[in-house]
Every structure is written in C-alpha cells, then in structure tokens.
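As structure tokens, the structure follows; a few thoughts come after it.
All of the numbers you see were taken from the coordinates with simple rules; none came from a lab. Just so we're clear, the structure is a prediction, and the values are computed from it rather than from any experiment. Here the Cβ is made from the backbone with ideal geometry for all residues, glycine too, and neighbour counts use every protein chain on show.
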Amino acid sequence: MSTGVPFGSADGQWASGSAERSGLLDLLGVAAVVLDAEGRIVLWSPQAEALFGYTAQEALGHHAGPLLVPPQHLDLVLRLFTEVMGTGEVWAGSFPVRRKDGSMPLVEFRNMRLLDDRGDFYALGIATDEATLSQVERDVALSTRLVAQSPIGVAVLDTDLRYLAVNPALERMNGIPAKDHLGRTVHEVLPFLDAAEIEAALRQVLETGRPLVDEYTVGRTPADPGHDHTWSVSYYRLEDPAGRVLGVAGLLVDVTDRQRAATEAARARWRLAVIADGSSRIGTTLEVDRTAHELADVAVPELADVAAVDVLDSVLEDRRPAEPGARPALFRALAVKAAYPSEAVRAADPPGHLARYGADRLVTQCVRTGRPILVPHVDDRDLARIARDPEAAALLARAGVHTYLTTPLIARGGVLGALCLTRARNPEPFDEDDLTLAGELADRAAVCIDNARLYQSLRDAAVTLQRSLLPGRPPQRTGLEIATRYRPAGTTLEVGGDWFDVIPLVADKTALVVGDVMGSGINAATTMGRLRTATSTLADLDIPPAGVLRHIDKITADLDQYATCAYAVYDPHRAACRIAVAGHLPPVLMRTGEPPRLLDLPTGVPLGVGGVPFEDTTFDLRPGDRLVLYTDGLVETRHDPLDERLALLLRLLDAPDRSLEETCDRLLEALRDPDDHDDVAVLIARLR
C-alpha cells in the first residue's frame, strides 16, 4: 500500500512527477482511443500504438471501424458504436482487431460515451490485449484461491508493518478475525508473542530485500492460550513490477506436531544412547559397590542432578534378595552422585551408612511393592516422605529439589534396593519417559549387583574351602624361623591348587614343601588336598626328597592330573638342606653379604608325567641364610617375560634387614596384581 497520495497531496497541491504509481496498468498495457460522433479517431495514446501497431499520424483523423475492424465484423461494430453514442450505456467485450501487421489478436474493450463542455459527444475506448488480461485474471484467481484455501497462514503488511490482509488459515491460527488484524501491528494483535523479535525480522526483510525462510518461533495465541505452539515462519518483501516496495508478506506453518514428533524422536535417540552407555559402563566388575557407583555415574547428569543407590542390608547380609511385599529393615547406602555441589548430597545417606526408613517413606513403599514411584512436582509434604528425617527434608528444600522418582532394583524376582533420583537446577520435571529410562538402567544394574553379590558369596566360600585345605600357622622348628603366605586368584570363583607345608621329621629335621596343581576348580583343590596328605605321610617315613617325589608322581598320574613341586629337607645337626624339584621354579637362596640367587637345580618333570627319575641336591646352610620357595603365580604374567620377572624377584629380595613377614608382604605387594587369574603360595625359611 502506498503511504502517499497518488495524484495530489492532502493540502491540495499537486504531487511532483516522481509520485509513486502502480505498475499494474503498465503490465496490462491499457490503451486509450477517443472517437468523435462520426467515428473518426481524434485521440490516440502511445499504448494504442503499441497494441494496434499504428502511429498517431497513421490513426488520427481516420474512421476507426475500417482501420481496425475486419470487414466481416464492421457492421456489428458500427451498430454497437451507434448504441453507445445513442444511449450512453457502457459496452464491454472482446473481439478480434486487425493490427497494422495483419495479425488479428483478441482485444478486451470497455467503450463509453463522453460529453464535453460544448455538449458534443465522443466515444472513449479502453482496450488491452485479451491474452495478457486473461493471464492476469488467472493469476489473480489462482492466488486468491490459494491464499484463501491454503492451510498455510498468510499475512500481508505494509511498510509500517501494519496488517493489510490475512487469510482464513491465519485467522484460525491466531484465533482473531481478519478485520481485527487490519491496520494494527503484530504487537497490538498478538501481545502473547515476542512481537519485538518478529517485527525486527520483518523490518530486516523490508530493508534488505533478503527473505527469511523457515525460521522457528514459539508462543501462544488466543486460538489455544493454554499451550505453546511452534510455527515455521518465512518473510518476503513485496515489490511491484517497477521495483517499488509495497510491504512484506509472511507465511506461517504450525509445526507443533512435527516439532513434538521430532522432539520425541530426539528423546528416544537420547534414551537409547543413555541405555547403550549404561550397558557398557555398568557391571564392569563383579563388585557390588563398584556397580552401584557405575549406575549413579550413568544417571548423573544425563537423567538427574543427584542420584543415590541404596541396597537392603538384609540382601547383603543374608545373601538373598527380598521378596516384594516383605518389610524392609535397613538400607545400606552404596553410592551418591551429584552433577554439582549441592545440599541435596548431605540429605542423602553417605556410602556405607545404614539408615532405617519408616513405612511412610516413598523409598520404603518402592521396595515393598517392587514398583517405581514418580512425583513430578514435589511440595513440602512430599519432601517429608522422601527424606529420612526433617533435617534432610530441609536440606532438599534449600537445594531446590522440585521433582523426584525412585525405581526398585529387581533381579531374579527379588528386590535388592532402589535407585533414587532428584532434579533441582534442571527445570524439567520427571515424566513417564524418564521413569522408563530409570527402570531400564536399574534393571541392568540390579542384575549386575546380584551377580556381584552371588559372586562374592561363592568366592568367599571358595576361599574358605581353599584355606581349609592349607595348614595353619607354620610350626616353629629347631633352628628355623618360617613365614608363609597364600593369596587366592583375584578374579575367579574357582579355588586353586597351590599349597605349602611345613612337616616336622625325625631327628629335628623339617620338610619344606611348595606345590602347584595345574588347573583350577574343585578337581584341582581335591588333588591338592590328596597330594598334601600323601606328602605328609611319605615324609614321616624319612624318605629322601627324590623318593618322595617319585611316589607322589605315581599318585598324581593315577589321579590323571599334573602338578609341580619343590620338596626340601633341612637337617639342623648337619646344617645342610637336601632338595628335589619336579618341574617347579627354582627356589631363591639368600646368604648374608651376597646377592640373592636362584638355585641351580635339576628341574625335573612335573608330577603325573611318570617314569622320569628325580634328583636330590644337597647344599650347606649358614646362620642367617634364607630359602624362598614360591609358586609360579608370584612371578608369571601374561605380558612380561619370565626372566624379567625372576630378576625383579631377586631385586626385591635384596634387602636382608627385612623380617620374614615383611618380606612376604613386600613380594605380594610388588609382584601380585589384584586381578591376577592365578593363586600363589610363598614359604620363606631363615636359619637362626
């Protein structure tokens, strides 16, 4: 819309020649022709020359009929001319006109009678090319129909950003009639929206001519004041054919459903990512506490601001999960994780702490029923049922906790405990999707916690069995100080076959034994027990070490097993040690004033091979000398060469001032990895 006056100003003065004009008439090429009462051409416009092909000199003074009308239509045209001049009625229609070049296009006419100040009549003909006019009419009809019936909201605003027109779709979107838009700004019509931002975008498009396409805006209109809607908006500057700026058009599409679907799809992808992350991070070890911390680490900050994992103490103590509905006794806190420093952490039970929650507490109800509990919007009454006591409730209130959920840890039909989540800085309340995600993580963690619980129980039983097969504190023998150690495998449930023994013999002699049954499990432990018993029995017969190994070799072969063994007999009266080895690593001899060294002994073959003799070796022992016997679990690893590990063993032993007990502990600390898959036995004897 032009903001000026087309031909004259408000004070009656004529506008300058640069006044803004519409380009529509130029597009149509409207021609004006004036005929006198006789039908002669007296006025001829430049557009007429363009339309009919005759110059003014060629047309003026000539009768229009013979010049422009084909002979077969001349009588009809003359009759129509007579009617217009006689009655003054306007005639409109189209008929073919003969152009100067001989072509005969259809021309749309409007003919009317004119009267001058002397009372003379003239005929005014306004004409345009019928094909051009039809194209414009079709375009206008199509545009009008599209705008009126389109589901896309359409608005046209003038250069002052006031509404000139809106279509029915925009009326429905805004919930405001079209008439209430016209002449008003966006801010006046839709105060609920961020009108300043919208008008700034419109002004930018108006000034630069660069369209703004598919931008998103969110807000509420009177059509649905209770809910946010999302619209995709595009703005375009409107210009006439001459380039004059008319205003700006806005196209709006309500994409709320599409945006909601995209948001839900994004949330679904996020949930899958969190679940995948949980699958890789939860249950990396068979440790209950570690698994609980892994669950909390995955939940924070992706799902919650603060997460707490509590397990029923009865589950940990009794080694069995509680049935849903059983009254819980004590909770043992295993893990607490916060996304940032918060007083809500102080409200949670610290790891390792025992807490008794009343029957009215939500976490108690969760483990009783085995069902999750969601509180989207927490109030003071809810806080009293979430916290363990009023002080903790006050801490949660000060932390700004506004939403809460707890979901049970259930494995193999039993309730182990609960995962509790809260949000404070995150403004979004927990919803059903969050509850489902928390349940997925809790289910994953519960199985891992239960596996770890069962593993720990079985491992404790396995270690107890293994220790029951080994001797207790070694007896103190004449002339000897003895220290021993046994360590089970770090990451296996199965018992091992390593053993040591100190056996009193006749004449104050002492047998020192270290052995290793190959393999693990009940068979290895049983074989170890049999070989230890057989060794003790044979030792009482005062048989030389090689003879003892020969008899044990037959027993081992009959058991279809293999083992290694180092068997030494110390005679304090002769200050000598006699030793035989069956496929075992060489003992270490530590002499005062000399570096530790591996004894150079005939290695022999493992027990159970059969038919290969064993050899005795005798060497002197002096006061202060130490003999170190050990199994391969002390030095062998999957990654290091055995020679390097044996050299490290010798370096660690090169400290004669340490006590035997300190030496045993030092060796295990330096050489043993907690995750080693093999057990180890160590025996150190020192001559007094």
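When Lys and Arg each count +1 and Asp and Glu each count -1, what net charge do the other residues less than 11 Å away from L642, Cβ to Cβ, add up to? Residues near L642 contribute -4 overall. Taking each residue as 0.36 nm, the span from E197 to E615 lengthens on full extension beyond its C-alpha to C-alpha distance by 140.8 nm.
Legend: calculated FRET efficiency, I275 to D139, from the Cβ-Cβ distance at R0 = 51 Å, rounded to 0.05, equals 0.35. In terms of surrounding Cβ atoms within a 10 Å radius of their Cβ, T527, T256, T87 rank from fewest to most as T87, T256, T527.
With K and R counted +1 and D and E -1, the other residues having a Cβ less than 15 Å from that of D616 yield a net charge of -2.
Cut-off under 16 Å on the C-alpha distance; same-chain residues fewer than 8 positions from K179 excluded. Which lysines are left, in chain and number order? Filter leaves no residues. Answer rounded, prolate or oblate for the stretch 26-134, using the Cα gyration tensor with square roots of eigenvalues a ≥ b ≥ c: rounded when a/c is under 1.5, else prolate when a/b is larger than b/c, else oblate. Since a/c stays below 1.5, the shape of the stretch 26-134 is classed as rounded.
Set the Förster distance to 41 Å, then compute FRET efficiency between R40 and R244 from the Cβ-Cβ distance, nearest 0.05. Computed FRET efficiency for R40 and R244: 0.60. Helix 71-87 and the long axis of the chain differ in direction by around 80°, with both axes built from C-alpha atoms.
Here the Karplus curve 6.51 cos²θ - 1.76 cosθ + 1.60, taken at θ = phi - 60°, turns the phi angles of the stretch 29-43 into couplings of x, 5, 9, 10, 9, 10, 10, 7, 5, 8, x, 7, 7, 10, 9 Hz, with x standing for Gly and Pro.
To test your reading of the geometry: what angle, between 0 and 90 degrees and rounded to tens, separates the Cα axis of helix 195-208 from the longest principal axis of the chain? It is inclined by approximately 60 degrees. Its DSSP H runs of at least 4 residues, each contributing -39,500 (n - 2.57), put the calculated 222 nm mean residue ellipticity of the chain at -11500 deg cm²/dmol, to the nearest 500.
Seen against the Cα atoms of the chain and their longest principal axis, helix 130-149 is set at about 40 degrees. Which of the three applies to the stretch 266-459, rounded, prolate or oblate, going by the alpha-carbon gyration tensor with a ≥ b ≥ c and a/c under 1.5 meaning rounded? Oblate, because a/c is 1.5 or more while a/b does not exceed b/c. Paramagnetic label reach from T478 (point 7 Å along Cα→Cβ; backbone nitrogen cut-off under 20 Å): within the stretch 499-513, residues 502-513.
Extension gain for F95 to A262 (0.36 nm times residue separation, less C-alpha to C-alpha distance): 54.3 nm. Cross-link partners for K509 among the aspartates and glutamates, with Cα-Cα distance under 16 Å and sequence neighbours closer than 8 places in the same chain left out: E481, D501, D540, D542, D571, D620. Net charge in the neighbourhood of A384 (other residues with Cβ under 10 Å of its Cβ; Lys, Arg +1, Asp, Glu -1) is -2. Look at where the Cα atoms of the stretch 494-567 and of the stretch 147-220 average out, and the two centres are 95 Å apart.
Cross-link partners for K337 among the aspartates and glutamates, with Cα-Cα distance under 15 Å and sequence neighbours closer than 8 places in the same chain left out: D289, E294, D297, E302, D305, D310, D349.
Given the alternatives (i) 23.7, 81; (ii) 51.2, 165; (iii) 30.1, 104, Rg and Dmax of the Cα atoms in Å as computed for this entry is given by (ii). On the basis of the beta-carbon distance and an R0 of 56 Å, L106 and H227 show a calculated FRET efficiency of 0.50.
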